[in-house]
1. Has region 53-60 got any residue that is outside any loop (DSSP other than H, G, I, E, B) and closer than 21 Å to Gly133 by Cα?
2. Of all residues in region 43-82, count the ones that are in contact (Cβ under 8 Å) with a residue 60 or more places away in the chain and among the aliphatic types (A, V, I, L, M).
3. Filter region 24-38 down to residues that are touching a helix residue (DSSP H, G or I) at 6+ places or on another chain (Cβ under 8 Å) and under 22 Å from Gly114 (Cβ atoms) and give me whichever is modelled with the lowest pLDDT.
4. Quick one: what pairs do we get from region 29-42, first residue among the charged types (D, E, K, R), second crowded, with 17+ Cβ neighbours inside 10 Å, C-beta under 6 Å, 6+ apart or different chains?
5. Just to check your reading of the model, which residue among Val85, Val43, Val15 is of a type in the set (A, V, I, L, M), modelled with pLDDT of 90 or more and exposed (fewer than 14 other Cβ atoms within 10 Å of the Cβ)?
6. Consider Gly145 against the criteria (1) closer than 19 Å to Glu25 by Cα; (2) in contact with a helix residue (DSSP H, G or I) (Cβ under 8 Å, 6 or more places away or on another chain); (3) outside any helix (DSSP H, G or I): it satisfies all of them except one. Which criterion is unmet?
Amino acid sequence: MTSHAMAPQNLRLAVAQAHTLKTTEQTLSALGQITRAAADQGVDLILFPEAYIGGYPRTATFGSAIGARQAEGKEQFLQYFNAAVDLGDIPEGGGERWIRRELEMPREGPRGDGTRERLEEIAKETGVFIVAGLIERCAGTLYCGVVYVCPRYGIIGKRRKVMPVCTQKLSGRVMLTHYRQVVSVWFGDKGKLHHCEQSQRRSKESK
């Protein structure tokens, strides 16, 4: 009896060379348009830049100097803060409970600002797995993160940057927890994709 190995299937991956627009709504709309165009070309997974949703504060100083902060810098940071998105998580990270939507609901309104649901809708509509960088606002603090959005299951993972570097510490909190070091995704009959992030040395506070 002769066994025949299954021929490997190819995954089509895309990198979006996109920039953040003036508002979150405009950026999410652009993300949807780009993802739909990618779907038309048979793309299975698309990667958006770091801090794409919310914006990367390139060249921003927030008016900071040792022992002082200028008024215009405070206004600059307020704009940056307001542009960040609320995913309905908690400061220490809800982990699997957040992913499975098991966190306690607030007394009024939904958890988050709807960005999570918008991303999940785009992924489901297009059938494209989305990996998107964003600035997350949570309980008065900002985090530089990335979400993994599956067309079938919605968001299946989220990462927050472990240790901001240099002046990035002005714009984001040091985060010591992780969600899913490895994200595994099935693409139907095309096989399984694993994403692993290069580990960083953690600060003493994480021990």
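1. yes
2. 7
3. Filtering first and then ranking leaves Thr24.
4. These pairs meet every condition: Arg36/Thr126.
5. One residue alone meets the criteria, Val15.
6. Failing condition for Gly145: (2).
This table checks each residue for (1) closer than 27 Å to Ile34 by Cα; (2) of a type in the set (A, V, I, L, M); (3) assigned to a loop (DSSP other than H, G, I, E, B).
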{"residue": "Lys74", "(1), (2), (3)": "no, no, no"}
{"residue": "Glu104", "(1), (2), (3)": "no, no, yes"}
{"residue": "Glu120", "(1), (2), (3)": "yes, no, no"}
{"residue": "Lys158", "(1), (2), (3)": "yes, no, no"}
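The values are calculated or read from the model by the stated rules, or taken from the named source; none is laboratory data. Source: prediction; values computed, not measured. Neighbour counts are summed over all protein chains in view; Cβ atoms, including those assigned to glycine, are modelled from backbone coordinates with ideal geometry.
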